[in-house]
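Values quoted throughout were computed directly from the atomic coordinates according to the rules given, and no laboratory measurement underlies them. Since the structure is predicted, the reported quantities are computational estimates derived from the model, not experimental observations. Virtual Cβ from ideal backbone geometry, glycine too; neighbours counted across all protein chains shown.
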Amino acid sequence: MKKLILASVLSALAIPSFAHSDKSPVGLDLDKYRTHVKTLASDEYGGRAPLSAGETLTLNYIEAEFKKIGLKPGFGDRYLQPVPLAKVTADQNMTLNIGSLNLTNGTEFTARTQQISERIKLENSEVVFVGYGINAPEYGWNDYQGIDVKDKTVIVLVNDPGFATQNAALFKGNAMTYYGRWTYKYEEAARQGAKAVFIVHETAPAAYGWGVVQNSNTGSKFTLIDDDNNLSQVGVMGWIQHQNAKQIFAEAGLDYEQQKQKAAKPNFKAVSLKTTANLALNNTIERAQSYNIMALLPGSDRADEMVVMHAHWDHLGTRTDKKGVKHIYNGAVDNASGVAGVLELARIFSLRAKEQPFKRSILFTSFTAEETGLIGAQHFAKQPPIPTKKIVSFLNIDGMNVNNSVDYILRYGEGVSEMEHYLNDAAKHQDRFVKGDPLPQNGLMFRSDHFALAQEGVPGLLFMSLGDTDPDYIAHKYHKEADDYDPNWTLGGVRQDISLISDILATLANNDDWPKWLEESDFKNRRTQDGK
C-alpha cells in the first residue's frame, strides 16, 4: 500500500475534508454525543445486558437513530441480525474441593461452562499443572508434550513466557500474544481433552484485579450454540486466586513460584499435583435470541465492497448481591461512549454522502455480548451480510477519551497490518504522534470485537483510550459500578478522535486499496485464501 498523507488523498478524490482548521470534524455535535452516552448509560437501561429489558431499550434507541439519520437496514431488509444464545446461569452455591482445600466461589475461585448442560461434575479428577497451557509449534513450545490430560483438571498460568521472562526472544517478549489470553487457554485445553481448566490469577500478567474476574465469571453468562451443544468445549472454565494456588502446590510438596519459573523456560514438563478436584456445577439453561444491529450507507461505484465502523453495545447489566441490593453496571465509557461515537460518525457520513456519495459502502454496526467473549462479533464473522472477502477493514471503538484532547493516538499491535499506515497518516494530519500500546502485556488487541473479524482475515484498527488518558479508570471504574456518565467530561478527546477516525473511514470508502497483513499469521493466511 502506498503511504499517503490523508489530506492529499481527500483532495485528490475531491472530497471535502472532515476537519476544520482546528481539527474538529465537520458536523460533529457534541451535545448529541453527550445525549447518546447519558441515555445509554442511564439506570433505566440497567447496564445493557444481553437478553434483558436494557437490550430492548438499547436496540430501539440505536435503530431509531439510524432511521433518523436516513441509513438503510444493514442485514437484508432489517437492522437487526439475530444471534442465537444460550444463557447459562450456574448455581453460585458451589465449592471447589482440591485435596484438603475447600475453596469458596467468588472470593477464591470462579467456575462456569459454555457447554449446554444442566450439570457438570468433577469427581476425583486428577489435577495437573501444565505451565502456560500453550501448544505453539511456530515458537517451538508445547506444554502438553508427553502428557495425556484427557478428562483431567489442568491448572495453567495466565499470559505467556515472553511476559514472564521479559525476554524479547521468547514469544513477543513483554507484549502478550494470543497464546497468553484466557480464551486460548480454554480452547487449547479442550483440544487436549481436559475436563476442567483453572487459570491462576495474578494481577500483573492478567492485567486486571480479581474483582474483574469475579464480576465477569459469576452469575449468568452467554454463549453461542453449535450443532453439538458446545460439548467440544472444555467442561469447566475457571480461575483460582493466586494465594489458593500456592496452597494447592504446597499440599503437593511443590513451591508455586519455583514451578512458575520452570514453566517459563523451554522444554517445561507438565507436573501432576498428586491430588484430585471435585466440583458440582449446576446450571440453568435458557435458550434465547439476542441481536446485533447494523445500518448501511450504500456506496456508488463499488457498493459490494464494505468498510465497517463498529462499537459493541452491551455491558454487564444489573446484579443483586446476597443482601438483595441491586448494582447497576452502566458502562458509560465501556462502551456507551463508543456507540455514541458510531452514531455521530453515521450522522456525519450520511450528511456528507448527500453532497457526494462514497464509492464503497459503509456498514455501521453495534454487536451484542462482547463482554462475554466477543460472541456477537463471532456470529457476525461467521454469518456476515456479505462475504468477509468483501470487507475492506473493520474499525472498532471500545471506549473513547471523554476527557481532554491529547497529542497522541494509541496503536494496538505493531507490524500487524497496513492499517497502521492509515493510523500514522491520520495522526500526522492532526499533528499528533502515534504512541505504541503502553501495556502490550495486557493483550488488548485480542480483547475486543475486531479480533473476531481478524480471525476471519479482515484487518482493522482498535480505538481505545481506557486507562491511558484516565489512569484511575482501570483501577476503580473498569467493569465496576463507577463507570457512569459524568456531565463534567470535556469531550476534547472525543472531538479529535472522531475527526481522526473520519479521515481513515473516508479514505477507505473512496480508494481502491485492500490493506494487507504484515506479519505471518493465520489472519494473513485466511485473507489470502479469501482472495485478497
remark   = For Arg319, the net charge from surrounding residues (Cβ-Cβ under 15 Å; K, R +1; D, E -1) works out to +2
Cα-based helix-to-principal-axis angle, 419-429 vs the chain, degrees rounded to 10 = 50
ask   = Which residues' amide hydrogens lie under 5 Å from the amide hydrogen of Ser361, considering only partners 5 or more residues apart or on another chain, with H built in the peptide plane?
value = Gly299, Glu305, Val307
note = In degrees, nearest 10, the alpha-carbon axis of helix 182-191 is tilted away from the dominant principal axis of the alpha carbons of the chain by 60
ask   = Out of Gly70, Asn525, Ala277, whose Cα points farthest toward the positive end of the dipole of the chain (charges: +1 Lys, Arg; -1 Asp, Glu; placed on Cβ)?
value = Asn525
query = Relative to the longest principal axis of the chain, what angle (0 to 90°, nearest 10) does the C-alpha long axis of helix 30-40 take?
reply = 30
note = Counting only residues 5 or more apart in sequence or on a different chain, those whose built amide H sits under 5 Å from that of Gly133 are Leu157
task = Based on other C-beta atoms within 10 Å, arrange Glu63, Glu355, Glu188, Glu519 from fewest to most.
result = Glu355, Glu519, Glu63, Glu188
task = Go through the stretch 128-135 residue by residue and turn each phi into a ³J(HN,Hα) via Karplus (6.51, -1.76, 1.60, θ = phi - 60°); whole Hz please, and just put x for glycine and proline.
result = 10, 8, 10, x, 8, x, 10, 10
note = Hydrodynamic calc, the stretch 87-285: Kirkwood Rh from Cα pairs, then Stokes-Einstein at 4 °C with viscosity 1.567 mPa s, so D in µm² s⁻¹ is 77
inquiry  = Please report the spacing between the Cα centers of the stretch 325-390 and the stretch 446-511 in Å, no decimals.
reply    = 12
Scattering curve values for the stretch 276-317, log₁₀ I(q)/I(0), Debye with Cα scatterers, q = 0.14 Å⁻¹ = -0.66
Derived scalar couplings ³J(HN,Hα) [the stretch 209-222; Karplus, 6.51 cos²θ - 1.76 cosθ + 1.60; whole Hz; x for Gly, Pro] = x, 4, x, 5, 4, 4, 5, 8, 10, 10, x, 7, 10, 10
ask   = Quick one: net charge of Phe222's neighbours, Cβ under 12 Å, K/R +1, D/E -1?
value = -1
ask   = Cα-Cα over 25 Å: which of Lys221/Lys480; Lys72/Lys428; Lys262/Lys480; Lys38/Lys480; Lys221/Lys322; Lys87/Lys185?
value = Lys72/Lys428; Lys262/Lys480
key: Coordinate range along principal axes, alpha carbons of the stretch 257-393, Å, largest first   = 71, 50, 29
query = Quick one: Karplus J couplings for the stretch 318-334, per residue in order, coefficients 6.51, -1.76, 1.60, θ = phi - 60°, nearest Hz, x for Gly and Pro?
reply = 10, 10, 10, 7, 5, 8, x, 8, 7, 10, 9, 9, 6, x, 5, 6, 10
inquiry  = Can you give the log10 of the normalised intensity I(q)/I(0) at q = 0.07 Å⁻¹, computed with Debye over equal Cα scatterers of the chain?
reply    = -0.39
query = Under 5 Å between amide H atoms, partner at least 5 residues away or on a different chain: which partners does Thr95 have, H built in plane at 1.01 Å?
reply = Ala280
task = Could you list the trypsin sites (Lys or Arg not before Pro) in the stretch 258-341 that lie in coil according to DSSP, counting only those with at most 10 other Cβ atoms within 10 Å of their Cβ?
result = Lys322, Lys323
